[in-house]
Amino acid sequence: MKRERERERERETFFFVIFIDDIVLAVKRTNVGCYISGYCVSIFLYANIILIVPSVEGLQKLLTVCEEASDAIDIQINVNKSKCLRFCARYNCGDRVEWVDSCRYVGVYYTAR
């Protein structure tokens, strides 16, 4: 039973990587993100997707790209589990995604203060 569950997790991971690659490529093609040492950094993946952008407009563009790419492969983004964290002045960007002052991701706490 344990070995069977391990194989199932391996298959899930394999398919996740195949499908999520389309979203990553779509985001990378935008060239929207924060430039670090000449490289555009816009998306991090672990168990979730983290978008890194320098502006609200950039965030909206990447969210739209992610939405379109995920629709194309029939994957839904769970906006109820999504958060926005901004490390400077905040603007009102709608109410679909909750804005927070801090969040925990993979055991690391991020705070806007």
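Okay, here's what the table says:
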{"item": "Checking residue 29 against (1) surrounded by fewer than 14 Cβ atoms within 10 Å (Cβ to Cβ); (2) touching a strand residue (DSSP E or B) at 6+ places or on another chain (Cβ under 7 Å), the condition it does not meet", "result": "(2)"}
{"item": "Filter pass, residue 44 being within 15 Å of the chain's Cα centre (by Cα), without any contact (Cβ under 8 Å) to a residue 24 or more places away in the chain, closer than 22 Å to residue 106 by Cα and not in a helix (DSSP H, G or I)", "result": "yes"}
{"item": "All positions within segment 61-80 that are outside any loop (DSSP other than H, G, I, E, B) and closer than 15 Å to residue 20 by Cβ", "result": "62, 65, 66, 67, 68, 69, 70, 71, 72"}
{"item": "Test result for residue 13, surrounded by fewer than 13 Cβ atoms within 10 Å (Cβ to Cβ) and among the hydroxyl-bearing types (Ser, Thr, Tyr)", "result": "yes"}
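Taken together, the values in this text are just the output of simple stated rules run on the coordinates, not laboratory data. Computed from a predicted model, the values in this text were never measured in an experiment. Every residue, glycine among them, receives a Cβ derived from its backbone with ideal geometry; neighbour counts consider all protein chains shown.
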